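Colleague: Have a look at this one before I ask anything.
The values are calculated or read from the model by the stated rules, or taken from the named source; none is laboratory data. Note that this is a predicted model, so its numbers are computed, not measured. Glycine gets a Cβ as well: all are built from the backbone with ideal geometry, and neighbour counts include every protein chain shown.
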């Protein structure tokens, strides 16, 4: 069991993350005392930064704390996967990113994905037999990967948290805090 003010959380993202889905959880979790690092593949539009997508155009840049190749699951209590269409689509084509997601899932640590972020869970074969939500446009992808898709603001299945859209961020962050407080989750491999 880890109190949120003792927790270390990794956000995995690249250029094109949905601005609010990275920034709001980052700010809310840090405000509660968590150590939060942003990790990204080395190749980004701006060295050492990733740029968000803010609804219809490019948004703000965020500093990258770690490169994808330098992070270890052992150093963190949770993984957060923001959405946006561009960000998870680029990351699911990165073998190292998918492997990191898979290692977090296998570790039993909290994994949280919002909006299009569950595309990474699909790619890591982590939704099969699990109750999951996502942005409605990837519902078929989740179902085709064996997930039990439901339309709810936040869904948890053995410490894997999914959420639909920016309107759900507050509930999403509350659930992350709760699940980190519960500690590791003994989870079955995706069925």
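Colleague: Considering every residue within the stretch 119-134, establish whether at least one is without any contact (Cβ under 8 Å) to a residue 24 or more places away in the chain and closer than 21 Å to residue 25 by Cβ.
Modeller: Start the filter on the stretch 119-134 by keeping residues that are without any contact (Cβ under 8 Å) to a residue 24 or more places away in the chain, which leaves none.
Looking for residues that are without any contact (Cβ under 8 Å) to a residue 24 or more places away in the chain and closer than 21 Å to residue 25 by Cβ, one finds none in the stretch 119-134, hence no.
Colleague: Hand me the list of helices (runs of 4 or more DSSP H) wholly inside the stretch 21-140 holding 3 or more residues that are at pLDDT 95 or above and surrounded by fewer than 16 Cβ atoms within 10 Å (Cβ to Cβ).
Modeller: On the way: elements: 86-91, 95-107, 118-123.
It comes to 95-107.
Colleague: So which residues in the stretch 141-165 are touching a strand residue (DSSP E or B) at 6+ places or on another chain (Cβ under 7 Å), outside any strand (DSSP E or B) and within 16 Å of residue 25 (Cα to Cα)? It would help to see each step written out before you state the result.
Modeller: Filtering the stretch 141-165 for residues touching a strand residue (DSSP E or B) at 6+ places or on another chain (Cβ under 7 Å) gives 142-143, 147-150, 153-155, 157, 159-163.
Those still in the list that are outside any strand (DSSP E or B) too: 142-143, 147, 150, 153, 159.
Once the filter is applied, which keeps residues that are touching a strand residue (DSSP E or B) at 6+ places or on another chain (Cβ under 7 Å), outside any strand (DSSP E or B) and within 16 Å of residue 25 (Cα to Cα), the stretch 141-165 yields only 153.
Colleague: Run down 4, 11 and say which single residue is within 18 Å of residue 100 (Cβ to Cβ), crowded, with 18+ Cβ neighbours inside 10 Å and touching a residue at least 40 places away in the same chain (Cβ under 8 Å).
Modeller: Details: 4 fails: within 18 Å of residue 100 (Cβ to Cβ).
When all the criteria are applied, what remains is 11.
Colleague: Just need a number here: residues in the stretch 170-179 that are touching a helix residue (DSSP H, G or I) at 6+ places or on another chain (Cβ under 6 Å) and surrounded by 23 or more Cβ atoms within 10 Å (Cβ to Cβ). Spell out the reasoning first.
Modeller: As a first pass, look at the stretch 170-179 and keep what is touching a helix residue (DSSP H, G or I) at 6+ places or on another chain (Cβ under 6 Å): 173, 177.
Going one step further and asking which of them are surrounded by 23 or more Cβ atoms within 10 Å (Cβ to Cβ), we end up with 173.
Qualifying residue count for the region: 1.
Colleague: If you take the residues in the stretch 1-20 that are in a helix (DSSP H, G or I) and under 14 Å from the mean Cα position of the chain (by Cα), which one is farthest from residue 92 (Cα to Cα)? Before you say what the answer is, go through the steps one by one.
Modeller: Looking only at the stretch 1-20, we keep the residues that are in a helix (DSSP H, G or I), and these are 4-6, 19-20.
Subset that is under 14 Å from the mean Cα position of the chain (by Cα): 19-20.
On the way: 19: 19, 20: 20 Å.
Filtering the stretch 1-20 for residues that are in a helix (DSSP H, G or I) and under 14 Å from the mean Cα position of the chain (by Cα), the one farthest from residue 92 (Cα to Cα) comes out as 20.
Colleague: Now, a different point. Residue 162 - would you say it is closer than 20 Å to residue 110 by Cα, out of contact with any helix residue (DSSP H, G or I) (no Cβ under 7 Å at 6 or more places or on another chain) and buried (at least 17 other Cβ atoms within 10 Å of the Cβ)? Steps first, please.
Modeller: Numbers: closer than 20 Å to residue 110 by Cα: yes; out of contact with any helix residue (DSSP H, G or I) (no Cβ under 7 Å at 6 or more places or on another chain): no; buried (at least 17 other Cβ atoms within 10 Å of the Cβ): yes.
No.
Colleague: Let me ask something additional. Can you tell me which of (1) touching a helix residue (DSSP H, G or I) at 6+ places or on another chain (Cβ under 9 Å); (2) over 20 Å from residue 27 (Cα atoms); (3) free of Cβ contacts under 8 Å to residues at least 60 places away in the same chain is the one residue 113 doesn't meet?
Modeller: All conditions pass for residue 113, except number (2).
Colleague: Residue 81 is checked against (1) without any contact (Cβ under 8 Å) to a residue 24 or more places away in the chain; (2) within 16 Å of the chain's Cα centre (by Cα) and fails just one. What number does that condition carry?
Modeller: (1)
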